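> The following block contains the structure, expressed as structure tokens.
The values are calculated or read from the model by the stated rules, or taken from the named source; none is laboratory data. Computed from a predicted structure; not experimentally measured. Neighbour counts run over all protein chains shown; Cβ positions are idealised from the backbone, glycine included. Ligands, DNA and RNA are excluded from the accessible area calculation, which covers all protein heavy atoms including side chains. Shrake-Rupley method; radii C 1.70, N 1.55, O 1.52, S 1.80 Å.
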Amino acid sequence: MTVTVATLGFPRIGPKRELKTALERYWSGKTDQQALLDVAADLRARTWALQAALGADHVPSNDFSLYDQVLDTSVLVGAIPALYGRTSGPVALDTYFAMARGSQGATSEDATCGPGCGHAHSLETGVPAQEMTKWFDTNYHYLAPEVTRDQTFALSSTKPIDEFLEAKAQGVHTRPVLLGPVTFLKLAKTKAEGFSPLSLLSALLPVYVEVLKTLASVGADWVQIDEPCLALDLTDFERGELRRAYGALTHAAPGLRLMLASYFGGYGDNLSTAVNLPVAGLHLDLVRAPEELATALAASPESLVLSLGVIDGRNIWRADLPALLDRLDSVVAQRAPDRIILAPSCSLLHSPIDLALETAIDPEVRQWLAFAVQKIEELAILAKALNQGRSAVAAELEASRAAAQARRTSPKIHDPAVAARLASVEARMAQRNAHFGRRRALQIARLDLPAFPTTTIGSFPQTEDVRKARSAHGKGQLTDAAYETFLQAETERAIRWQEEVGLDVLVHGEFERNDMVQYFGEQLSGFAFTKYAWVQSYGSRCVRPPILFGDVSRPKAMTVEWWTYAQKLTEKPVKGMLTGPVTILNWSFVRDDIPRSQSCRQIALAIRDEVVDLEAAGAKIIQIDEAALREGLPLRRKDWQTYLDWAVESFRLTASGVSDATQIHTHMCYSEFNDIIAAIGAMDADVISIETARSKMELLDAFVSYDYPAEIGPGVYDIHSPRVPSVQEMSELLTAAQQRLSAGQLWVNPDCGLKTRKWPETKAALVNMVAAARQARSVQA
Ligand code: GLN
Ligand code: ZN
């Protein structure tokens, strides 16, 4: 009887993003289906062998996906909307990709917004993709299942069985993973009104029973079923449905054991439901909810196998193994070893793959890190220590302890000047001098803008030329001076062009920026960057989040030179353009040794300095983008206010160092504001630009009922597709906006930045946008 090791899922994209390459080659018609399937099979084979070699006893299968595991589940149970034209039999690969990307698959990968923008990147023509949404509080996006009132389900794919057999043939006995029926239905969307997809549970369960039976018949003894909805607020009815579901599934096949997994948080008030479900095993996320170890031990039957998620599957930090063992000793004293499995807190899908590839990173920082491969190694060491005694892994434990100790005390991380500054922050620093009404009067007098002022969100097309120059500069093939000259020319062209079109408030175009977070992270102390630490965001799209490892400060001004260069070229006001602290935080791997709120305040102070410097250089308008503020909302409602309080305070701390006549803008690329409108109001920005084109301004209603006092630029132009909206279309949107808000409150701008668009369509659209604004002015006059 020994303690064993499990993983709940492994990254599927490949250490060198092999799957991305194969997918994109297939989509562009460069290779055939077989070539793609061969790459996928090879990745699976390598992944199974790797995990087994690293010491995982329970290796998952069916965690692989060509696009998304939720889409795989829709296909598995036959929830395929009629519009994809599938009749019966196995689902063709092209149907699968049509659900993922739309049938003309041109724009799915080119959202302007950063990771986690939450958009459904649908197409203008052809079959639209299914709606894409963020997976709980991660930056992974899944395709939302879509069901109808009279939805029927039927087993429509053999993927879980095929992959189990594929691994078996390779000599690896796997634990297949399925997304559970309750979470699946809770994530499902429907167009039918007054109908809850969860009411389809009875219709769905037989398909799950069939899958489980088949898996048992081919030799599976454990199946992992993921029900992360258990980390959310559930109603009594939903808890009852979970009991009903597992009451049915547990008897699906004699001898088959179910490991129920929830993650991204504790069970909280769902704990007693969870521990009493008739399943053989229960997984606990002990990184997010360490306190649940004791409660789960006490509350669960002794026969229940506990999967202890002690290694952080979401972050990149190396664990302090001796400290973890101190916690685990008491578990071993209370429960038989064969009732204990050690695991990462969640699927390793959300972690980069292998630190071994990361040879260029600062070696001091490197020794503090662990990616997916290293996390499995850590679990294997822990299991060995529990099974054979600590002396069996003495050297490994000592190395882990020493690294943790070094991290706790490193001067790279702890900057007394930052601590002192944070301690000296006073409440008034997060407050503008005057209230909005007074500021507005000063700003109007100073800026002298027409009614319905026009502007853009910041970036202009990042053309092939711009990317080439950046990459050549990065490789040392283009000198600093040559690169700078190139960027100056691009910036000047953008300024001239904006003047010609007649925009009122200009931007410099952000040509010098690789990414809205990375650009700042690279200039701030406390951030490290990787070469290969890619994490899947959706489909073939991967992101490489910066690693925020230490106290944050700003060695010198970051954007002032570019702003100054641009402003000198024109009489029109040029906006200073910054990324806000909450967005920088939410799109990075963050520290686990201090609260997120504290890192956020540090970033806020650094960006505040930049705001003040921009003002000193002459900027009259400064935009602080908070594209990712909403996505940082905690999973549980009871935790929302705490988050919003510190997020808003950080924004205000960033924005409030300037005089009342300086206009602060913010931008958010979504407009689901109903839940958080009070927080948006509390940010106290002078102008906010949001995305509203696709919702036809309906989403402005939140601002209306809240009586939002400040100015708003509701996007009149959807930048997610190359389509050029007509003057009339934008005029109609402006009229719709005026029905909701007063004319004096309105700005005219696109939904988001234009960096993924091409120049011709951008020019045509902005010419139309300016014409629409002029029309609105003439009607008003
Ligand atoms: N200023 C940024 C840009 O225009 C904002 C991007 C975003 O909101 N995601 O690119
Ligand atoms: Zn945006």
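> Just need a number here: residues in segment 612-634 that are under 22 Å from residue 691 (Cα atoms) and either hydroxyl-bearing (Ser, Thr, Tyr) or within 16 Å of ligand 1 (Cβ to nearest atom) (or both).
Counting residues in segment 612-634 that are under 22 Å from residue 691 (Cα atoms) and either hydroxyl-bearing (Ser, Thr, Tyr) or within 16 Å of ligand 1 (Cβ to nearest atom) (or both) gives 12.
> List every residue pair whose Cβ atoms sit under 6 Å apart, with the two residues 6 or more apart in sequence or on different chains, where the first one lies in segment 503-521 and is on the phi > 0 side of the Ramachandran plot and the second, anywhere, is more than 10 Å from ligand 1 (Cβ to nearest atom) and outside any loop (DSSP other than H, G, I, E, B).
509/491; 509/494
> Run down 634, 595, 581 and say which single residue is surrounded by fewer than 24 Cβ atoms within 10 Å (Cβ to Cβ) and either under 21 Å from residue 753 (Cα atoms) or in contact with a helix residue (DSSP H, G or I) (Cβ under 8 Å, 6 or more places away or on another chain) (or both).
Working: 595 fails: either under 21 Å from residue 753 (Cα atoms) or in contact with a helix residue (DSSP H, G or I) (Cβ under 8 Å, 6 or more places away or on another chain) (or both); 581 fails: surrounded by fewer than 24 Cβ atoms within 10 Å (Cβ to Cβ).
None of the others qualify; the one that does is 634.
> Can you list the strands (runs of 3 or more DSSP E) lying wholly within segment 513-566 that have 1 or more residues being at pLDDT below 95, more than 19 Å from the chain's Cα centre (by Cα) and more than 16 Å from ligand 1 (Cβ to nearest atom)? Walk me through it before giving the result.
On the way: elements: 525-528, 535-538, 541-543, 547-553.
Counting at least 1 such residues, we get no strands (runs of 3 or more DSSP E) at all.
> In addition: Please identify the pairs in which a residue from segment 651-678 that is of a type in the set (Phe, Trp, Tyr) has its Cβ atom under 6 Å from the Cβ atom of a residue that is more than 16 Å from ligand 2 (Cβ to nearest atom), counting only partners at least 6 apart or on another chain.
From segment 651-678, the pairs are 673/702.
> Can you tell me which of 701, 707 is on the phi < 0 side of the Ramachandran plot, of a type in the set (Asp, Glu) and surrounded by fewer than 16 Cβ atoms within 10 Å (Cβ to Cβ)?
Only one candidate passes the filter, namely 701.
> Next up: Assigned to a loop (DSSP other than H, G, I, E, B), at pLDDT 95 or above and either closer than 27 Å to residue 444 by Cβ or open to solvent by less than 10 Å² (accessible area, probe 1.4 Å) (or both): which single residue out of 693, 685 fits that description?
Only one candidate passes the filter, namely 685.
> Give me the residue from segment 182-229 that is surrounded by fewer than 22 Cβ atoms within 10 Å (Cβ to Cβ) and of a type in the set (S, T, N, Q) and, out of that set, farthest from residue 270 (Cα to Cα).
217
> Moving on. Within segment 382-418, count every residue that is in a helix (DSSP H, G or I), open to solvent by 60 Å² or more (accessible area, probe 1.4 Å) and within 26 Å of residue 551 (Cα to Cα).
Here the count works out to 6.
> Scan segment 648-675 for residues that are within 30 Å of residue 234 (Cα to Cα) and either assigned to a loop (DSSP other than H, G, I, E, B) or within 16 Å of ligand 1 (Cβ to nearest atom) (or both) and report the count.
6
> Give me the pairs: first residue in segment 174-198 and over 30 Å from residue 221 (Cα atoms), second residue part of a helix (DSSP H, G or I), beta-carbon distance under 6 Å, and six or more apart or on different chains, which are they?
190/197; 197/185
> Residue pairs, Cβ under 6 Å, 6 or more apart or interchain, first in segment 143-168 and touching a residue at least 24 places away in the same chain (Cβ under 8 Å), second among the basic types (Lys, Arg) and surrounded by fewer than 17 Cβ atoms within 10 Å (Cβ to Cβ). List them.
Every condition considered, the pairs that remain are 144/189; 146/189.
> Moving on. What about residue 543, is it in contact (Cβ under 8 Å) with a residue 24 or more places away in the chain and over 22 Å from residue 349 (Cβ atoms)? Spell out how you get there, then give the answer.
Details: in contact (Cβ under 8 Å) with a residue 24 or more places away in the chain: yes; over 22 Å from residue 349 (Cβ atoms): no.
So residue 543 fails the test.
> Oh, and also: If you go through segment 428-476, how many residues are assigned to a loop (DSSP other than H, G, I, E, B), away from ligand 1 (no atom under 16 Å from the Cβ) and under 30 Å from residue 780 (Cβ atoms)?
First, the residues of segment 428-476 that are assigned to a loop (DSSP other than H, G, I, E, B): 431-435, 448-453, 455-458, 460-463, 475-476.
Within this subset, residues satisfying the condition of being away from ligand 1 (no atom under 16 Å from the Cβ) are 431-435, 448-453, 475-476.
In the following step, the residues that additionally are under 30 Å from residue 780 (Cβ atoms) were identified as 432, 434-435, 448-453.
Qualifying residue count for the region: 9.
> For residue 625, work out the one condition from (1) open to solvent by 20 Å² or more (accessible area, probe 1.4 Å); (2) within 16 Å of ligand 2 (Cβ to nearest atom); (3) closer than 17 Å to residue 605 by Cα it doesn't fulfil.
It is condition (1) that residue 625 fails.
> If you check every pair at least six apart or on different chains, which have Cβ atoms under 7 Å apart with a residue in segment 123-141 that is in a loop (DSSP other than H, G, I, E, B) first and a residue that is at pLDDT 85 or above and acidic (Asp, Glu) second?
Once the first residue is in a loop (DSSP other than H, G, I, E, B) and sits in segment 123-141, its partners that are at pLDDT 85 or above and acidic (Asp, Glu) give 130/146.
> Could you figure out which of (1) in contact with a Lys or Arg (Cβ under 8 Å, 6 or more places away or on another chain); (2) buried (at least 20 other Cβ atoms within 10 Å of the Cβ); (3) in contact (Cβ under 8 Å) with a residue 40 or more places away in the chain isn't true of residue 266?
Failed condition: (3).
> Now for a separate question. Regarding segment 236-259, can at least one residue be identified that is within 26 Å of the chain's Cα centre (by Cα) and not in a loop (DSSP other than H, G, I, E, B)?
Scanning segment 236-259 turns up no residue that is within 26 Å of the chain's Cα centre (by Cα) and not in a loop (DSSP other than H, G, I, E, B).
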